[in-house]
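Okay, structure first, notes after.
Readers should treat all values here as calculations from the given coordinates under stated rules, not as data from a laboratory. It should be emphasised that the depicted structure is a prediction, and the values quoted were computed from it without experimental measurement. Backbone-built Cβ (ideal geometry, glycine too); neighbour counts: all protein chains shown.
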Amino acid sequence: MAWQVGPVLTVVTAFTVLLGAAAPLGLAGVVGAVVGRAGDVAAKGLISPAGRSALWWSALAAGLLMVVWVAGSVRSAASTALGERIDASLQRELMRAVGEPVGIGHLEDPRTAELISVGRETFRGSWGRPGRLASTVAGLVTGRIVLVGACVLVAGFHPLLGIALLAAGSWTAYEEKAASRAEASHHYGTTEVARRLEYLYGLGSSPEAAKEVRIFGLAGFLRDRYTTLWQRSMADVLTPLPRRAVAANVVTGAVVVCGLVWIAVRAGRAEVTAGQAAVWVQALMTGLRGVQQSAWTGLQTELALATLRRFDEAVEAVEAVATKDRDAGMTNVPATVAVADRPRREIRFERVSFSYPGSTAPVLDGLDLVVPAGRSLAIVGVNGAGKTTIIKLLCRMYEPTNGRLTVDGTDLTAVDARGWRRQVAAVFQDATRFPLTARESITMGRPRAAVDQPGVESAAERAGIADEIAALPSAFDTPLSSHYPGGADLSGGQWQKLSLARALYAVDHGARVLILDEPAAHLDARAEAGLYARFLELTAGLTTIVISHRFSTVRRADSIVVLDGGRVAERGSHEELMALDGEYAEMFRLQAERFVDRTDDSEGTAGITS
Ligand SMILES: Nc1ncnc2c1ncn2[C@@H]1O[C@H](COP(=O)(O)OP(=O)(O)OP(=O)(O)O)[C@@H](O)[C@H]1O
């Protein structure tokens, strides 16, 4: 992967790794040569062949020292840049994996959603980012080469010492790796306890839970839970692996100390020259540094590998869902049928049944429903009746388990899903709060089209949000997030109106189906009355589906269906359904009764009384 995202940086990193490993070993030999000439220089002076030779060796030593420093900093810069590219490439990969499936089953499946969120978090910390592998592996390889090279040099003093250093160093590397892996899996939540710790930490520190935490006095409880669990998990992590790593380090240290004493004794007996002793002493110390570098970068490597594994798990989980989608016929087939001006006649649900993946309970059960083109249809029903599910099927977020959807008689599966979605504009109950400018939030309705400012203003006006946008610090240019300088946040109702403006903008630029899923859920009485008053104007000539528990909006639709038991139980206009005196009439009256005494509140009761 490093090679794919940055071949030049990979070559530079690999080259500096070799240079950074070879230079200190060479330095040991060169310093030995300088020390070996020290006696001659002392006897004959610097202006002598021995002195000149010593000067040359000293210059070479200085040069090598420079190489060590320069190679280290170039390696660090190149591998960091390479790591950034790797992270960016992996992030693009996750975006592709999450965005590519035609449906949204992977995002609503709790296990996959959890994996995706973990995969996303992978890039939050700086140490554990997968891209850090470029630096840590470079450091690790350098450390290992240095150790082996040092052992070869030390073997020149005595093969036994070389073998002992190699054995102790390798054991230390092995134990450090095992300890690092345990620490990494603890730190990055691959163990069950770590996941629970993360969950408790999130609850106790996130703004989302702040209100409940205060109301129920949960702060101390969460901290205590966290502490108990943390202490238990640390006992698992701290024993026994690090003890073995400590033992291995002690043995390596002992080998080095014994080696130093041995060299000193032999030098004292004049069995080896001062120059040779200097080479071996440095080789021992360089080998020790190699072991330490391996241990340190090994920990970082394990941390980055742990996050890479989590990332891979997320991508694999999403791809598994995408494969299932493909098997279920949800491929984003190239358009075989032009959809640009559809529907002209109708959208039809033909005996549609649907159960969510992993569930056998049917949400829709042989549903027959006709949505006439250019008219408005309201869908009502109790909570959980399947209203939003109908919309998800219409938008091809899921495919029916049985039956089919057609547009003007053409099976929707023969239509390119993305092309079809361009025909649809929607206001969802839980509309996304894009942290973009107000203008961009509206033009997102047609992201690839040139910005049409009069269109933006008109959509904002019709959605009833124009005055609120004008009052923002930079009007349409205000970033809609208080996290940005000069930014501002909106209220729930304002976000909903903005979402309506986005949908209207999409409609003005070609979409032909308007979906309003609880468009008044967050609106105050005045805004709801405004929406009610403009409903006919907003939906004129459009194929509109409105889902609402608010009958003020529902009753304005050309026709209304009541959903019950996964099928249409009643269908007709408001007047027809009231005359039928069935479920619709009962639900309508229940809601109207709540307003019956508030005759002075003309806005709040708008459209409710029959
Ligand atoms: N992603 C999902 N996975 C599994 N079951 C789901 C999922 N989404 C919805 N359901 C279930 O499907 C049923 C219908 O849900 P749906 O959201 O369509 O109802 P609704 O009529 O829109 O309800 P409400 O009026 O409360 O918004 C419910 O029982 C719900 O629990």
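In plain terms, the bigger the Kirkwood radius, the slower the diffusion; for the chain, with that radius from Cα pairs, at 25 °C and 0.890 mPa s, Stokes-Einstein puts D at 81 µm²/s. Against the chain, whose longest principal axis comes from its Cα atoms, helix 159-187 is set at around 20 degrees.
When its C-alpha radius of gyration is set against 2.2 N^0.38 Å (N residues), the stretch 60-149 gives a value of 1.58. If R0 equals 22 Å, the separation of the Cβ atoms of residue 95 and residue 491 corresponds to a calculated FRET efficiency of about 0.15. Out of all Cα-Cα pairs in the stretch 1-55, roughly what percent, to the nearest whole number, are more than 18 Å apart? Here the tail beyond 18 Å accounts for 56 percent of pairs. Across the stretch 303-319, the residues whose backbone nitrogen lies under 16 Å from the label position 7 Å along the beta-carbon direction of residue 111 are 313-319. The simple Förster model, with R0 at 30 Å and r as the Cβ-Cβ distance, assigns residue 320 and residue 8 a FRET efficiency of 0.25. Here each label is just a point 7 Å from Cα along the line to Cβ, and for residue 198 and residue 474 those points are 3.5 nm apart. Calculated on the alpha-carbon coordinates, the convex hull of the stretch 2-119 measures out at 106 cubic angstrom per residue. Pairwise Cα separations in the stretch 431-508 fall into 5 Å bins from 0 onward with the following percentages, short to long: 3, 19, 32, 27, 15, 4, 0.
The label point for residue 88 and the one for residue 66, both projected 7 Å from the Cα toward the Cβ, are 3.3 nm apart.
Extension gain, residue 526-residue 214: 0.36 nm per intervening residue step, less the Cα-Cα distance, totals 109.1 nm.
For residue 564, the residues whose modelled amide H falls within less than 5 Å of its own, excluding neighbours fewer than 5 places apart on the same chain, are 569.
For residue 544, nonlocal amide neighbours, meaning residues 5 or more places apart or on other chains whose placed amide H falls under 5 Å from its own, are 374, 375, 376, 377, 514. Once the Cα atoms are used to define both axes, helix 492-508 deviates from the longest principal axis of the chain by about 80 degrees. Counting 0.36 nm for each residue step from residue 383 to residue 353 and taking away their Cα separation leaves a gain of 9.0 nm.
Only beta bridges with both residues in the chain are counted; by DSSP, about 55 percent of them are antiparallel. Counting every C-alpha pair in the stretch 529-594, the share spaced more than 16 angstrom apart comes to 48%. Take the Kirkwood radius over Cα pairs of the stretch 152-293, plug it into Stokes-Einstein at 20 °C and 1.002 mPa s, and you get 115 µm²/s for translational diffusion.
The stretch 479-549 and the stretch 259-311 have Cα centres separated by 67 Å. Seen against the Cα atoms of the chain and their longest principal axis, helix 49-99 is set at about 20 degrees.
Within straight-line reach of residue 387, meaning a Cα separation under 28 Å, sit the following lysines at least 8 residues removed in sequence or on another chain: 324, 497.
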